[in-house]
Amino acid sequence: MSRSAHDSAAALGGAPLDRAGYVGGKLDLDVATAAQIDVLPGVSAAMAKRIAVDRVRRGPFLSRDGLRRVSGVGPRFLAQIDSLVVFSGTFVGGSASDTIIPPRSAARSTARRGRAPPS
């Protein structure tokens, strides 16, 4: 982010965007791609895709309660990601590419989720 953009965001009283999909160091689930959501600890690729697809079809979640409309999102899931996400209410025209998660190695995937890779 350029210095002037950073200063403008600060002057408006908001935290600058760290990078696309993030606000103040937290992932914005109202604009994040499935690949970005998949990086959250404990979030499976299937859950990340369900979140992104639901948002593309039905619009932004706006809050934790809005995220509950996604199959598999319950109190335990919300508690697990609560400190890592925000909801900006931003509406962006979604695209199919927002729901794609690039393949990764099995060892990296299982290690990220706190499990040992298969032997």
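The values are calculated or read from the model by the stated rules, or taken from the named source; none is laboratory data. Because the structure is predicted, anything quoted here is derived from the model rather than measured. Cβ atoms come from the backbone with ideal geometry, glycine included; neighbour counts cover every protein chain shown.
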Exercise for the section: Give the residues of the range 80-112 that are modelled with pLDDT of 65 or more, surrounded by fewer than 12 Cβ atoms within 10 Å (Cβ to Cβ) and of a type in the set (G, A, S), sorted by residue number. Expected result: S83, G93, S95, A96, S97
Handout entry: Qualifying helices (runs of 4 or more DSSP H) (wholly inside the range 31-107; at least 1 residues being polar (S, T, N, Q))
Key = 34-38, 75-81
Practice task
Could you please find all residues in the range 68-85 being within 18 Å of A35 (Cβ to Cβ) and out of contact with any helix residue (DSSP H, G or I) (no Cβ under 7 Å at 6 or more places or on another chain)?
Solution key: I81, L84, V85
